[in-house]
Amino acid sequence: MAALDQGKYPRDPVIDLIRRTPPRLATANAGESSALGTIVAADDDPITAVTEAVLRLDRSYLAVQGPPGTGKTYLATRVIKRLAQDYGWRIGVVAQSHRVVEHVLEGVVAAGLSPRCVAKVPQGGALAEGASTPPYSVLRKNGHSVFLQERVAEQHGCVIGGTAWDFANHSRVARRELDLLVIDEAGQFSLAPTIAASVSAQRLLLLGDPQQLPQVSQGSHPEPVDTSALAWLLGEHETMPDELGVFLAETRRMRPELTEVVSELAYEGRLRAHPTTTRRSVASAGLPGLTWHPVMHTGNSTSSPEEAAVVVRLANRMLLGELTEAGRDPRSLTQNDLIVVAAYNAQVECVAQALAGAGLDEIRVGTVDKFQGQEAAVAIVTLAASSAEDVPRGLEFLLLRNRLNVAISRAQWAAHLVSSALLGDGLPSSAEGVAALSGYLRLTERGAHSEVTPELMH
């Protein structure tokens, strides 16, 4: 890293990121650089705009926030493919898990980049016995350096996936050897590995959404190093400011009625539905958007048979619906078109048993962690706890905005929130709890209401 010169910071992507300075973009005049205010205008093709912005990065970073259904991974794979194929760039891809990295590499090959130019060492150093061969090149253990050197000799751009350790290890990837390091799911990738891996590249491209679930595991570093890279960059903002990066504002998953709710909850009102989402509709299954189903029950902590009974009733009602999508014949909703998102594992088990007893055992049931990245025509969310006093880990966990955001935004057409009619009563003792309760109450006010369901309803 260059030494400081008369109090000036060196041109370095991670330093710009840590300082939260706008991306530094090279100007038309050699030796000069600048920071643009709005990188992607509303009417721009985001793939072209992001590609051109990354090409202009002057040893800096670009961040892209992609809410649910906005095509973040599609954009990432097309940008990577263009940079490698058309400009001969050497690009690294890193994320919190091997599977996320592999998913991106598969997308790059699917976008049209030769599998010879896309590679990764399998987790554990070799493919597991019986594992299917991936569409990209499989490298032997510690084969990173040889792969990069061979592509340079051929004058080909390339893409290599790995862990933060791979990119921090100079014997695998030399310092600044890469033109670009792409950090996928940067909303769950902390600053510590971001800093470590950044030494491999001249530029950083961060993609993700801090408004979804936080990272599963934490390091033991002092604050703010354990904060995710994107969350750190956003600071107090819910969405990416124009001067710092790109906010993908159009979702192709949720209908407008549902998008408006999610946008108000987590995205400062900036998220909107793509016009094509209105071509998906369901007849004879209630309204699109969010509906709150308050249930009267007491004494429940992490499981609620009363809410499970309401889930079964809702599921049976949804299965009477007929789904219409653009270019397809209308069809009846099936159990595969529904998911049930429960706040606790105990409620997962409770709901699964109730559904099985009603002959609905093909409906997917799980916690919000299981369903991140998935979608369904209808999502039913059940919170289980009877009151704030019954919540074992506090309202700041149960009603965390990120968790509610992920749960509701799994739905394409309608989300149904099933919770105790008393859950919003009382005042939490922490600032985090108050913030969580505020978001939940906005949801219950914003969504359509069903009648209060009495306790032990049959």
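The values are calculated or read from the model by the stated rules, or taken from the named source; none is laboratory data. No experiment lies behind these values; they were computed from the predicted model shown. Counting neighbours? That spans all protein chains shown, and the Cβs are built from the backbone with ideal geometry, glycine included. Ligands, DNA and RNA are stripped out before the accessible areas are found, and what is left, the full protein with its side chains, is counted by its heavy atoms. Shrake-Rupley method; radii C 1.70, N 1.55, O 1.52, S 1.80 Å.
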Selection from the range 111-140 of residues that are under 27 Å from the mean Cα position of the chain (by Cα), exposed (fewer than 13 other Cβ atoms within 10 Å of the Cβ) and in contact (Cβ under 8 Å) with a residue 12 or more places away in the chain
112
Kindly indicate whether residue 307 is within 29 Å of the chain's Cα centre (by Cα) and either hydrophobic (A, V, I, L, M, F, W, C) or at pLDDT below 95 (or both).
no
Can you find even one residue in the range 387-400 that is buried (at least 23 other Cβ atoms within 10 Å of the Cβ) and assigned to a helix (DSSP H, G or I)?
yes
Test result for residue 153, among the small types (Gly, Ala, Ser) and open to solvent by less than 20 Å² (accessible area, probe 1.4 Å):
no
State the number of residues belonging to the range 165-189 that are open to solvent by less than 10 Å² (accessible area, probe 1.4 Å) and either without any contact (Cβ under 8 Å) to a residue 24 or more places away in the chain or in a strand (DSSP E or B) (or both).
5
Please work out which residue is farthest from residue 315 (Cα to Cα), limiting yourself to the range 407-442 and to residues that are outside any strand (DSSP E or B) and in contact with a Phe, Trp or Tyr (Cβ under 7 Å, 6 or more places away or on another chain).
424
Complete set of residues in the range 264-295 that are free of Cβ contacts under 8 Å to residues at least 60 places away in the same chain and within 19 Å of the chain's Cα centre (by Cα)
268, 269, 270, 272, 273, 274
Could you tell me whether the range 81-88 includes any residue that is open to solvent by less than 30 Å² (accessible area, probe 1.4 Å) and in contact with an Asp or Glu (Cβ under 6 Å, 6 or more places away or on another chain)?
no
Scanning the range 141-164 residue by residue, the ones that are assigned to a helix (DSSP H, G or I), touching a residue at least 24 places away in the same chain (Cβ under 8 Å) and of a type outside the set (D, E, K, R) total 6
Among the residues of the range 121-143, is any of a type outside the set (Ser, Thr, Tyr), in contact with a strand residue (DSSP E or B) (Cβ under 8 Å, 6 or more places away or on another chain) and within 17 Å of residue 179 (Cα to Cα)?
no
Does residue 194 satisfy the condition of being open to solvent by less than 60 Å² (accessible area, probe 1.4 Å) and within 23 Å of residue 77 (Cα to Cα)?
yes
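Among the residues of the range 302-319, count how many are in contact with a strand residue (DSSP E or B) (Cβ under 8 Å, 6 or more places away or on another chain) and open to solvent by 20 Å² or more (accessible area, probe 1.4 Å).
Of the residues in the range 302-319, 2 are in contact with a strand residue (DSSP E or B) (Cβ under 8 Å, 6 or more places away or on another chain) and open to solvent by 20 Å² or more (accessible area, probe 1.4 Å).
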